[in-house]
4 protein chains.
Amino acid sequence: MIISKEPHLTDTQLREIEALVAEYRCTIHPIHGAHRSIYAIIGDETSELMFNRLEGLDYVDKVDRVESIYKLMDIRSELARHRVVIGGHTLGHGPFIAAGQCTIDPKNPHYFYETAQAVKEAGAHALRGGVWKPRTTPHSFQGDNRSMDILVEARSRCGLPVVTEVMDEEQLRIAVDAAVDVIQIGTRNALNYSLLKQVGKLTAGKKCAVLLKRARNMGPIDEFISAAEYIVAGGNPNVVLCPRGTMPGLDIYRNHPDESVTPLLKKKTWAPVVADPSHSVGKAEFVPACALAALIYGADGIIVESHCEPAKGIGDDPKQALNPVTLRRLIQDAGEIWKIRHR
Amino acid sequence: MIISKEPHLTDTQLREIEALVAEYRCTIHPIHGAHRSIYAIIGDETSELMFNRLEGLDYVDKVDRVESIYKLMDIRSELARHRVVIGGHTLGHGPFIAAGQCTIDPKNPHYFYETAQAVKEAGAHALRGGVWKPRTTPHSFQGDNRSMDILVEARSRCGLPVVTEVMDEEQLRIAVDAAVDVIQIGTRNALNYSLLKQVGKLTAGKKCAVLLKRARNMGPIDEFISAAEYIVAGGNPNVVLCPRGTMPGLDIYRNHPDESVTPLLKKKTWAPVVADPSHSVGKAEFVPACALAALIYGADGIIVESHCEPAKGIGDDPKQALNPVTLRRLIQDAGEIWKIRHR
Amino acid sequence: MIISKEPHLTDTQLREIEALVAEYRCTIHPIHGAHRSIYAIIGDETSELMFNRLEGLDYVDKVDRVESIYKLMDIRSELARHRVVIGGHTLGHGPFIAAGQCTIDPKNPHYFYETAQAVKEAGAHALRGGVWKPRTTPHSFQGDNRSMDILVEARSRCGLPVVTEVMDEEQLRIAVDAAVDVIQIGTRNALNYSLLKQVGKLTAGKKCAVLLKRARNMGPIDEFISAAEYIVAGGNPNVVLCPRGTMPGLDIYRNHPDESVTPLLKKKTWAPVVADPSHSVGKAEFVPACALAALIYGADGIIVESHCEPAKGIGDDPKQALNPVTLRRLIQDAGEIWKIRHR
Amino acid sequence: MIISKEPHLTDTQLREIEALVAEYRCTIHPIHGAHRSIYAIIGDETSELMFNRLEGLDYVDKVDRVESIYKLMDIRSELARHRVVIGGHTLGHGPFIAAGQCTIDPKNPHYFYETAQAVKEAGAHALRGGVWKPRTTPHSFQGDNRSMDILVEARSRCGLPVVTEVMDEEQLRIAVDAAVDVIQIGTRNALNYSLLKQVGKLTAGKKCAVLLKRARNMGPIDEFISAAEYIVAGGNPNVVLCPRGTMPGLDIYRNHPDESVTPLLKKKTWAPVVADPSHSVGKAEFVPACALAALIYGADGIIVESHCEPAKGIGDDPKQALNPVTLRRLIQDAGEIWKIRHR
């Protein structure tokens, strides 16, 4: 849909536009209104370049796109029947709960083993544990390859599938070699397309899901869904979308909670949604309400930070992690909320 | 600076806090006011973990950090005397202008050669040319390794140093092998710390500058400066900070122009600032004003998209690129603005 | 708390600051840290002017305020024991539901009478009906004084207390004369302090509550609470705080839902919170989830747009209003959510 | 332009839509594309209600408006030839500079008389002086009617036209009686339509301009222009649009500078633009660059806070006001920037 600056295009302008869209096998259909004309683009309206070229024309004010720019993630695609399964839990069948430490402390592995046990007992379906961490400054602790062994050991002890974040190909290969069940892509790498492609490729055909956090800005959600398209196009349809708050924060919250984006995602894509309330609000006392709100909005699950003894944690854990008692209560509440939402 | 939830900490709470900060070799200094007390942290107040642990305490409402979390980028660091030089132009000595195509079209190299010539004649100091491109969807053109040869050929023809964006280690190695003069890190990878470390390491000791775009959200600028710290800590002090607009956009602008952040950067860091008006506004007609505004705000230069024939461009060029006539006039205006600003 | 630009203030600077704060009966307490000093302000730290003057000093980088700028709204004030009662329902005792039309259509009063009946039967506690409307353009329907008679008639028919928005003193006087039970101040007038003062004054001592919508931007919540302080200071403590989404919107939502602000309000003020999901999301299909999320976050109630036949409504009703069936189900769900939240 | 949820409307749906728009004397023109149809609305596409009703239909996903919702402010209106003149200065002919105190101190009138003289000597065209002030808390100084006498006296002494903000009808009447040359509507009242109507009505036919600040959020600029339409429709075409920064602030700036909105305003409306850099950045040291940037972006002038002795000011003056030396230099720079911009 083309809106011109003047009420009507001149004949020369119209011919130029027609020639341009013809290169993309589209045609123009002018509609003459009372005060102005608009110009519909007929055809496969998905070429970014066509849009960019049209918007570059001096006499064009705005060009609107009607069709979706992703194919595989679209709710109308063949993949809409695909179900993501993590450790036996099919996403969409009851609230999926992943819980665990933001950061594994390689010097004190026993905390993580205790956390794993507590998380399991509280009723969670997956164990979260950060091996490597994106830190604002290079002078902070960046994680440690040895933590991967701790993660694997914890999995074998508690029997839950594990989730960990990777930030580059080297980490990705280590995680894939360790058969990590859910690879997490963090918000800072949410649009790191090179990494997303690699993830799709290296996990293709494996029993491995990918949890993609939303980039922490208020861009259109099509961009979020399109980022996941990179992973699926790379070969792995087991993607999970994860809202985690947008910047700037809402007053003292670390971010502006955005679990409310869930119904919009659900209208456009078949991919399950698992929200992250811990980073949305950034402080343990506010996490449970945010988690339950996500389920009310239709999320398929939540991923929360939890630690057997939060004050002994490293990274964000002292600030954000739930203790086992709070986690257990949250999981019970989640079950009841699910019933109300899905009855 | 610790603010408690209650007007005053209890003795037990105070002792717990004192023990905690003692682990980081800090002490607590309580200040008793009329209605409440506050608690200053004395010592090297730069441990993220200490802050996270303090914020995790039930009875603590807020913890403020006074000291900067970066060391090398700080305006008070030894590096403050360092000057970044690109192709003979010392940043800070007259307006630095980088111009060229968003995207090199590998099927039509002659456009880029013409652009290079036009950019040179217009008076620019560096030639921009995108070899690889981050695209919202995997189904769009992603760039082409062959374009690197075109970039190198253009450099030898026009004699200008060249700027190109890399998104992963493989591209980085190709760019370094080709002795690209300025490596650009785009906004989507602005917080891709793995890549920033690699960039610092692989360009260390080389005559190579790194242009770091600001992440497109409204996070604190300390995060922006800290990201550059990764590059400098990796071994290359030739960093250039590049505001490029924040999301969400200002009405129909692609982004909300943020060249106004320049004076804030200049107060905190010695690193030069080169603004990107093309992505800030996203449409050629609005670019020159935005470019000049950046210089008024104290930027050391600008990087603008320019194409010998914008309508024949690919990627964002049809929409954003200046034609050679507009570029030439912009460069002249930039010189006059510089005189007013720096007299 | 004063942060200077240089690591330490000079003696002259310190003396100047001491003299300045002394005018407000405050003193300065310097704290000498490892690399820099900070300067605590001791005394009644609530004068805006003192803060502004301190921030105006050349050598001062930042001044932080510790104490709250409102007195009556503060959770520690005497008023914390006050309860707001609307039509027999004490806020805080079970979910309060106000529902009804965005706009009363003066040409078709029967719709409003039907809506009133439907709202009552669905189980709501108050009837919302817009008599006057703030419209983006002067050429749109602005409401009609005759609608006040319709509102009053509907009240006597259904027996529910009524809520209506006023935008100026003339409308306020008409509403007070009609003994409207809840005066609503809309988001565009949320910081119209002249009106807030008048509202406090003219409803003082009356059985009239005031529902104050949050200004639709991401300002600090202290500003929101302080705006309510105008009403309470004017003489009416029956204020209700109403989050209604912030701008810019979240993708296609009219606003960015902000019911998540509720726990932050609850920590600072005793005033009840009633959220407006209709304006947060702006489209009927998304309203129920947003309404329930507000209750999960601890809101005392919700105000939703509802119409006996949405398609026949005017103003925002065709787009936003719930039909009676959906409203009834929402109210039932609200009761169950309340039980989970408050058990 | 109607986008349906399904690729195509059913016949029944289409007939319903046709009937609906027929009520507004519009017709529907379907356009059948490769994968989906879109539906153009032909006629006078300006009824808000028609749009709201269309958006309320279950099967409609989105409705786009092509025509402008304002008539008088439109750059294509008859009024486009109207020129706003303030105290002999025609807006658009050289940079218009209004300067003066945020707040007049009624206890110390001599400061304002000195400021008036300094502002005049520095070369400004109008004198700003706040008589009444919107304050975040009711416990702060709210202004004083006596300051109006000081403002009038200052005008007669220095000979410059005066600008002052009004927040309600009572203040407006006092200002009109005093023949204030420019009535300012502040950002908190920018969408207080009752006040805007009154302003238009009470200043109609008078030699009085109205400076309308932009609401401090990132709403569409059509809303800003439409607010001014209330004033013009009320009877006074002498409106001036004033960008003043949006919330949330850019790092430590009070707001996010938005002078860059000027070119967008200039494309849509004939009304002159006078930017307010003082509130955009909120601290004197950053004001001059922001002021000059506004002129670069095409603003017709600036309104800056200035005080003969900033530290002695009240309200925001200690923080934001320029001293006379800085103001003089800014006005000189403004003249040079104007020449570059308008050559």
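Please work out which residue is farthest from A:LYS266 (Cα to Cα), limiting yourself to the stretch A:287-312 and to residues that are among the charged types (D, E, K, R) and in a loop (DSSP other than H, G, I, E, B). Lay out the reasoning, then the answer.
Let us first name the residues in the stretch A:287-312 that are among the charged types (D, E, K, R), namely A:300, A:305, A:309, A:312.
Filter once more, keeping what is in a loop (DSSP other than H, G, I, E, B): A:300, A:309.
Numbers: A:ASP300: 10, A:GLU309: 36 Å.
Among residues in the stretch A:287-312 that are among the charged types (D, E, K, R) and in a loop (DSSP other than H, G, I, E, B), the one farthest from A:LYS266 (Cα to Cα) is A:GLU309.
Any idea how many residues of the stretch D:233-242 are within 9 Å of chain C (Cβ to nearest Cβ) and among the β-branched types (Val, Ile, Thr)?
The initial filter retains those residues of the stretch D:233-242 that are within 9 Å of chain C (Cβ to nearest Cβ), namely D:233-234.
When the remaining residues are screened for being among the β-branched types (Val, Ile, Thr), the result is none.
Going through the stretch D:233-242 one residue at a time, the tally reaches 0.
Within the stretch C:14-29, restricting attention to residues that are under 27 Å from B:CYS26 (Cα atoms) and more than 10 Å from chain B (Cβ to nearest Cβ), the residue that is surrounded by the fewest Cβ atoms within 10 Å (Cβ to Cβ) is C:LEU14.
This table checks each residue for (1) hydrophobic (A, V, I, L, M, F, W, C); (2) under 22 Å from the mean Cα position of the chain (by Cα).
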residue	(1), (2)
A:THR90	no, yes
A:TYR111	no, no
A:ALA118	yes, no
A:HIS125	no, yes
A:GLY159	no, no
A:GLN171	no, yes
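In summary, helices (runs of 4 or more DSSP H) completely within the stretch C:142-252 and bearing 2 or more residues that are closer than 22 Å to C:GLY123 by Cα and open to solvent by 10 Å² or more (accessible area, probe 1.4 Å) occur at C:146-158. Looking only at residues in the stretch A:287-306 that are facing another protein chain (nearest Cβ under 10 Å) and touching a Phe, Trp or Tyr at 6+ places or on another chain (Cβ under 7 Å), the one that is surrounded by the most Cβ atoms within 10 Å (Cβ to Cβ) is A:ALA293.
Can we say C:ASP61 is acidic (Asp, Glu), closer than 22 Å to D:GLY313 by Cβ and in a loop (DSSP other than H, G, I, E, B)?
No.
Within the stretch D:119-145, residues that are hydroxyl-bearing (Ser, Thr, Tyr) reach partners that are surrounded by 18 or more Cβ atoms within 10 Å (Cβ to Cβ) with beta carbons closer than 7 Å, at six or more positions or on different chains, in the pairs D:THR136/C:ILE69; D:THR136/C:GLU223; D:THR136/C:SER226; D:THR137/C:ILE69; D:THR137/C:TYR70; D:THR137/C:SER226; D:THR137/C:GLU229; D:SER140/C:GLU48. If you go through the stretch C:203-232 and keep only what is within 29 Å of D:LEU250 (Cβ to Cβ), more than 8 Å from every other protein chain (Cβ to nearest Cβ) and of a type in the set (Val, Ile, Thr), you end up with just C:ILE225.
In the stretch D:64-79, is there at least one residue being at pLDDT below 95, open to solvent by 50 Å² or more (accessible area, probe 1.4 Å) and under 29 Å from D:VAL325 (Cα atoms)? For the stretch D:64-79, residues at pLDDT below 95, open to solvent by 50 Å² or more (accessible area, probe 1.4 Å) and under 29 Å from D:VAL325 (Cα atoms): absent.
Cβ separations smaller than 7 Å between residues 6+ apart or across chains give the following pairs from the stretch D:331-343 residues that are assigned to a helix (DSSP H, G or I) to residues that are open to solvent by 30 Å² or more (accessible area, probe 1.4 Å) and modelled with pLDDT of 95 or more: D:ILE331/D:GLY123; D:ILE340/B:GLU336.
Kindly check whether there is at least one residue in the stretch A:119-137 that is open to solvent by 30 Å² or more (accessible area, probe 1.4 Å) and not in a loop (DSSP other than H, G, I, E, B). Within the stretch A:119-137, one or more residues are open to solvent by 30 Å² or more (accessible area, probe 1.4 Å) and not in a loop (DSSP other than H, G, I, E, B). The residues of the stretch C:260-286 that are at the interface with another protein chain (Cβ under 9 Å from one of its Cβ atoms) and part of a loop (DSSP other than H, G, I, E, B), listed by number, are C:GLY282, C:LYS283. One residue stands out in the stretch B:313-330 among those that are more than 9 Å from chain A (Cβ to nearest Cβ) and in a helix (DSSP H, G or I): the one that is surrounded by the most Cβ atoms within 10 Å (Cβ to Cβ), namely B:LEU327.
Taking the criterion of being open to solvent by 20 Å² or more (accessible area, probe 1.4 Å), touching a residue at least 12 places away in the same chain (Cβ under 8 Å) and either among the hydrophobic types (A, V, I, L, M, F, W, C) or part of a strand (DSSP E or B) (or both), the only residue of the stretch B:33-48 that qualifies is B:ILE42. Within the stretch B:29-47, being at pLDDT 80 or above and not small (Gly, Ala, Ser) holds for B:HIS29, B:PRO30, B:ILE38, B:TYR39, B:ILE41, B:ILE42.
Please state which one of B:PRO248, B:PRO257 is more than 26 Å from A:HIS139 (Cα to Cα), at pLDDT 95 or above and within 8 Å of another protein chain (Cβ to nearest Cβ). Result: B:PRO257 is the single residue among B:PRO248, B:PRO257 that is more than 26 Å from A:HIS139 (Cα to Cα), at pLDDT 95 or above and within 8 Å of another protein chain (Cβ to nearest Cβ). Cβ-Cβ contacts under 6 Å between residues 6 or more apart (or on different chains), taken from a first residue in the stretch B:254-277 that is within 22 Å of B:ARG83 (Cβ to Cβ) to a second residue that is open to solvent by less than 10 Å² (accessible area, probe 1.4 Å) and polar (S, T, N, Q), are listed as B:VAL273/B:THR262.
When B:ASP276 is tested against the conditions (1) under 15 Å from the mean Cα position of the chain (by Cα); (2) modelled with pLDDT under 95; (3) acidic (Asp, Glu), the lone failure is (2). All of (1) in a helix (DSSP H, G or I); (2) under 30 Å from C:ALA190 (Cβ atoms); (3) hydroxyl-bearing (Ser, Thr, Tyr) hold for D:TYR111 with one exception: (2).
Only residues that are small (Gly, Ala, Ser) and surrounded by 24 or more Cβ atoms within 10 Å (Cβ to Cβ): list them for the stretch D:253-285, please. So that I can check it myself, show each step before the final result.
So the first thing to find is which residues in the stretch D:253-285 are small (Gly, Ala, Ser), and the list is D:260, D:271, D:275, D:278, D:280, D:282, D:284.
Across the stretch D:253-285, the qualifying residues are D:SER260, D:ALA271, D:ALA275, D:SER278, D:SER280, D:ALA284.
Is it the case, given these coordinates, that C:GLU55 is closer than 30 Å to D:GLU305 by Cβ, more than 24 Å from the chain's Cα centre (by Cα) and open to solvent by 70 Å² or more (accessible area, probe 1.4 Å)? Criteria not met by C:GLU55. How many of the residues making up the stretch C:80-92 are crowded, with 16+ Cβ neighbours inside 10 Å and either within 14 Å of chain D (Cβ to nearest Cβ) or of a type in the set (A, V, I, L, M) (or both)? Residues flagged as crowded, with 16+ Cβ neighbours inside 10 Å and either within 14 Å of chain D (Cβ to nearest Cβ) or of a type in the set (A, V, I, L, M) (or both) within the stretch C:80-92 amount to 3.
Of all residues in the stretch D:105-116 being open to solvent by 30 Å² or more (accessible area, probe 1.4 Å) and touching a Lys or Arg at 6+ places or on another chain (Cβ under 7 Å), which is farthest from D:ASP316 (Cα to Cα)? Can you show your working first?
Filtering the stretch D:105-116 for residues open to solvent by 30 Å² or more (accessible area, probe 1.4 Å) gives D:107-111, D:113-114.
Cutting the leftovers down to touching a Lys or Arg at 6+ places or on another chain (Cβ under 7 Å) gives us D:111, D:113.
Numbers: D:TYR111: 15, D:TYR113: 18 Å.
Only one residue fits best here, namely D:TYR113.
The values are calculated or read from the model by the stated rules, or taken from the named source; none is laboratory data. Note that the structure is a prediction, hence the values are computed from the model and not measured. Positions of Cβ are generated from backbone atoms using ideal geometry, with glycine treated the same way; all protein chains shown enter the neighbour counts. The area values use the complete protein model at the heavy-atom level, side chains included, leaving out ligands, DNA and RNA. Shrake-Rupley method; radii C 1.70, N 1.55, O 1.52, S 1.80 Å.
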